[in-house]
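The values are calculated or read from the model by the stated rules, or taken from the named source; none is laboratory data. Bear in mind the structure is a predicted one, so any value in this text is a computation, not a measurement. So basically every Cβ, Gly included, is an ideal-geometry build from the backbone, and we count neighbours across all protein chains shown.
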Amino acid sequence: MPIDRKKLLDDIGFVWDPRDDVWSIRFAELKEYKAQHGDCNVPIGHTSALSGWVREQRKRNEYKSMDMERKKLLDDIGFVWDPLDFAWKTRFAELKEYKTQYGDCNIPHRYDSCLYRWVKNQRMKMTSLDPERKKMLDSIGFS
């Protein structure tokens, strides 16, 4: 294509690769989601195509097919690459805060039913727990 024609198309914002345009649109939606919800953890079944796009970004990162420039953009807005690990660490931080305040790790159900269930689950899994997670729990005197 002659350079002058390409420039004319560029000047009106012609999209050369529609996939890039879709990525930019979803990224803008994700930033808006974060502004409304405080995180980038779009739940499965969210009313838009955003949750599928978020899962796709995680897969691309996991399979090492993520464009590094895009990864940096996502990192810069606090994108969570491993939501299960993030959830575990969030609960651990809550447990640590509880222990600091009350001196033990015996969460009453009425205090926080989600944290109560998480603690109960960690106790049941203690023998099969990831060594790094076990070490973190041991560091606060979890039993």
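Values as computed for the structure displayed
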{"quantity": "Odd one out for H46, checked against (1) surrounded by 14 or more Cβ atoms within 10 Å (Cβ to Cβ); (2) in a helix (DSSP H, G or I)", "calculated": "(2)"}
{"quantity": "K135 being within 19 Å of the chain's Cα centre (by Cα), loosely packed, with under 12 Cβ neighbours inside 10 Å and of a type in the set (K, R)", "calculated": "no"}
{"quantity": "Residue satisfying condition, being assigned to a helix (DSSP H, G or I), out of contact with any Phe, Trp or Tyr (no Cβ under 8 Å at 6 or more places or on another chain) and within 30 Å of W23 (Cα to Cα), within set K64, K89", "calculated": "K89"}
{"quantity": "Residue within the stretch 30-38 that is in a loop (DSSP other than H, G, I, E, B), at pLDDT 85 or above and under 13 Å from the mean Cα position of the chain (by Cα) present", "calculated": "yes"}
{"quantity": "K125 being farther than 30 Å from W23 by Cα, surrounded by 11 or more Cβ atoms within 10 Å (Cβ to Cβ) and not hydroxyl-bearing (S, T, Y)", "calculated": "yes"}
{"quantity": "Total residues in the stretch 124-143, condition in a loop (DSSP other than H, G, I, E, B) and touching a residue at least 24 places away in the same chain (Cβ under 8 Å)", "calculated": "4"}
